[in-house]
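Derivation of every value follows stated rules applied to the coordinates shown; laboratory data play no part. Remember, predicted model here, so these are calculated numbers, not experimental data. Ideal geometry is used to build each Cβ from the backbone, glycine not excepted, and the neighbour counts take in all protein chains shown.
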Ligand SMILES: [Fe+2]
């Protein structure tokens, strides 16, 4: 892709997070929504609700990024962030990484999953949403009468990323993944008005009432609401124009994995006091030349090393994060080294082949709210492999809807493949070519494995514990043990 200067995305006024105002509608994030596991897991719930947080992570985001003067750094040399990362080789990547960076490519911690549990443990279904203990109001900032329909010419404000890092540049072997593209730098995608429209739909009361999910990994996520409640968002991610942009950057034709995964929303909110406190410490440390940020809550979360459930994700920033410090995403390279990239500005996005690149989200400081939209993609062509898994999304989904959409699109893939192979068989016969036994058996084997994968992913309803995401998405045993010690994960692996 031709190198193009990144144009900073338009910044919108930060959505007011204020005390209650008569006549205004607020949505409250439960302070303690974590469903208790059978063994009465107890997890302290901070007021901050970063989606990428995985409590109990051994990856402590102790590194603070100096607020001023660092904006131009794109990929930063990885530092010693944890016991695990001390073993990793940090490498510095080229210059282009600007102030817009991959920030929460991993916020979709809920959409990831590399390792399937080997044992299914029957657990009790529990509600994933607890609306008690309201604490932090988040308010819509657009009147219903100002809602409009998505218009590509008006609402897309796209500038190509200045750089797209290939899998090869990240030292992954040729053929890894479904595309040569690994990760893009942040790029402007949606206009200021588009962001306002999206925020208005996201902050609608009905969305919060029906589609808010919580888990042991994340306190507040909005999922699956787009078809029913968010026509602007739905049309945006379904529009041929947006899909063309995403596909071009990703180096492969992509479509949203399924409607349920259109615009998964991560919500993180802090008070002004918390924000000010964080910035004060960061600035003081910067003045003193201290690299690490010694916040008291420095064991607050990040998303541990993991791979995503879906081949590609597009993470779009819907908050003003001009004052945000940190929040980078760490990528593990194919050679074991790590590189760090920052997140996008408001209206901008980042694309990552997250199913095949291990990554980790670092903590973000100094912002009162951070709302990101994560839409996951799969190959448009049925002929290309689909390694989608459901491990971390079952527990935070309408299970029947998730299974229905997953089964539907996977069966459509099979139908397309059988139609295609049937045509080829017929053509060979008409051309007096012999039956290709080896190729046919290979095709049959692939489809058996495809169906076996589906059988594994569609876990029986009674075995899925809503609101509890197991540790199968973690990469290292060390982080898994730390998570268990802190009560985030159960000792036994559950099917969900
Ligand atoms: Fe991720």
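Given a cut-off of 21 Å, what percent of all Cα-Cα pairs of region 314-404 lie beyond it?
When every Cα pair of region 314-404 is considered, 47 percent fall beyond 21 Å.
Counting pairwise Cα distances across region 358-468, what percent come out greater than 25 angstrom?
Looking at region 358-468, the distances longer than 25 Å represent 45 percent of pairs.
If only Cα atoms are counted, what is the Rg of region 181-220, and what is its Dmax, in Å?
14.6, 38
For residue 241 and residue 421, what does the FRET efficiency come to when R0 = 22 Å and r is the distance between their Cβ atoms, rounded to the nearest 0.05?
0.10
Which order do the peptides 160-168, 392-400, 464-472 take when ranked by the mean count of other beta-carbon atoms within 10 Å per residue, highest first?
Packing order, densest peptide first, comes out as 464-472, 392-400, 160-168.
Residues of region 441-482 with amide nitrogen under 19 Å from the 7 Å Cα-to-Cβ point of residue 228?
Answer for this model: 466-467.
Roughly what would the spin-label model give for residue 446 and residue 428, points 7 Å off Cα along C-beta, in nm?
Result: 1.3 nm between the two label points.
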